[in-house]
1. For region 205-357, give the magnitude of the charge dipole about the Cα centre (Cβ charges: +1 Lys/Arg, -1 Asp/Glu; no others), in debye to the nearest 20.
2. Provide the percentage of antiparallel DSSP beta bridges, counting only those with both residues in region 217-369; round to the nearest 5.
3. Can you put Val430, Val114, Val128 in order of Cβ neighbours within 10 angstrom, beginning with the fewest?
4. List the residues of region 194-210 whose backbone N lies under 15 Å from a point placed 7 Å from the Cα of Ile170 along the Cα-to-Cβ direction.
5. Residues of region 331-372 with the amide nitrogen closer than 16 Å to a label point 7 Å from the Cα of Asn115, along Cα-to-Cβ, please.
6. With a cap of 13 neighbouring Cβ atoms within 10 Å, and only residues DSSP puts in a loop, list the trypsin sites (Lys or Arg not before Pro) found in region 366-459.
7. Consider a paramagnetic label point 7 Å from the Cα of Arg245 along Cα→Cβ; state which residues of region 123-156 have an amide N under 11 Å from it.
8. By count of other Cβ within 10 Å, fewest leading, how are Phe195, Phe100 ordered?
Amino acid sequence: MGWSYRKSFGSGPFRVNFSKSGISYSVGVKGARMNFGPRGTYVNLSSHGISYRRKLQGAGQSLQPYAPPAMQALPAATEPVHNIASANIEQLTDTDSKDFISELTQKSGQIAFVNWFGAFPLVLFLLVMLFTSFSSNTIITQPATDSTLVRVTSGIGVNIRKNPAGGAAIVKAAAGGQSFLLADSGNQKWLKVKFHDSTGYINRRFAAIEHIHHDEVKDSQTSLANPYAGYVLGIGLVVFVILFRWLKKVDKRRFEMELHYEMDESSQQIYQQLGSHFSTFAGSARIWQYLNAQHTSDVKRNAGASQLIKRTAIRGISGNEVPIRYFITNVAIPYLKISNLQFYFLPERLLIKRGGMFAAVFYKNLRITGNITRFIEEEALPGDAKVVDRTWRYVNKSGGPDRRFNNNRQLPICAYSQYTLTSDTGVYEVITTSKQGAMDGLAGFLARIGDLQAKMVIQ
């Protein structure tokens, strides 16, 4: 029969836990406690709210207010371009998440043992087997020979006779330039030649003797040099299979990061809303990210628009995605990939990834503001877009079509929802949805979580 035990003691918010799996410690208050131990990190979420207690490793760094990038100073003749982009990933993490991000970055930055001590030695083993198990031998398939031929020099051809005499019977008619093997050249007037299984004679006046040298022909033949190579290869592959499995287990222990959420019934109901709101957001027919904005005074050639937006479609959306391999959690993590960042919506904070580096911002430090914006759509019209007006690709002063352009066409003006994500640490992204209010529920839910976090003490 299996057995287990658990014992804990402590004072105030600090507690030490003893169990079969080892020793762990936790810090927090009832309903808001985070544990650190051999089985990973446990976050308790209950009706009291969401709170984070990080390991005590010295005072955290103070947050530096961040302002969106200023417009570039350009000559008066050029309209300024306003770039829309977050700060460097190293700057984005808030104070409360630095321990979590430090561990996550350290895990993702490690080199996998299975590559260095498994795949690389396997390649070397196969190369050694290839170069030591086989040998190449050169064999002569045709030795060098010298041939003596009789070539017909007469342009009109010549008759090959059965005997060396002009009146002898004709065996074969030979064309000019045709060659035959020389059988005998002892006769001063006639040359004896071979053709097929017969012989005949050609008058010397109509032929010439030629000597031809044939080089020897060689061929390379590969053979098995080591008769035990098959056994060595088989044993080696079995060893590497066992090694690979063991190294993968080692890597899993090294890379594994567990983030386990313990929720009461009311917290589970609240958290389920995150997935529901994210599904509504992801259900928008088109989602874009703004890259930059530029004011223009040439409204005639820009369908009457006074601002030019460079945007890119967002297609990397998932209801559940983990940030690194061997990341273990008991909740679904909504995922959004924009041009150079990846967003993971954890229950208590936004996890941000760029390349192999991470940052995190608690929802109390994240701001999402939304509004309706009018956008002149030149691409295919999304199915859920709301068209509020129409304009022309090239407009005149009165707003009508400019007749000087033959390819002038009418364009729809759509009312899209625009959302700006910012934080004091440097998050600055603008996202628009073709469906009005697609992100309203998600933004409002995260704001409510942030308000709850702001009322709680985070050590």
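Throughout, read-outs are computed from the coordinates displayed, never taken from laboratory work. Since the model is a prediction, treat every value here as computed from it, not as a measurement. Note that each Cβ is placed from the backbone with ideal geometry, even for glycine, and that neighbours are counted across all protein chains shown.
1. It works out to roughly 600 debye.
2. Working: 23 of 26 bridges.
Bridges in region 217-369 that DSSP calls antiparallel: roughly 90 percent.
3. Val128, Val114, Val430
4. Zone members listed by number: 201-203.
5. Zone members listed by number: 355-357.
6. Filter output for region 366-459: Lys397, Arg403, Arg404, Arg409, Lys455.
7. No residue qualifies, since no backbone N sits under 11 Å from the label point.
8. Least to most surrounded, the residues fall as Phe195, Phe100.
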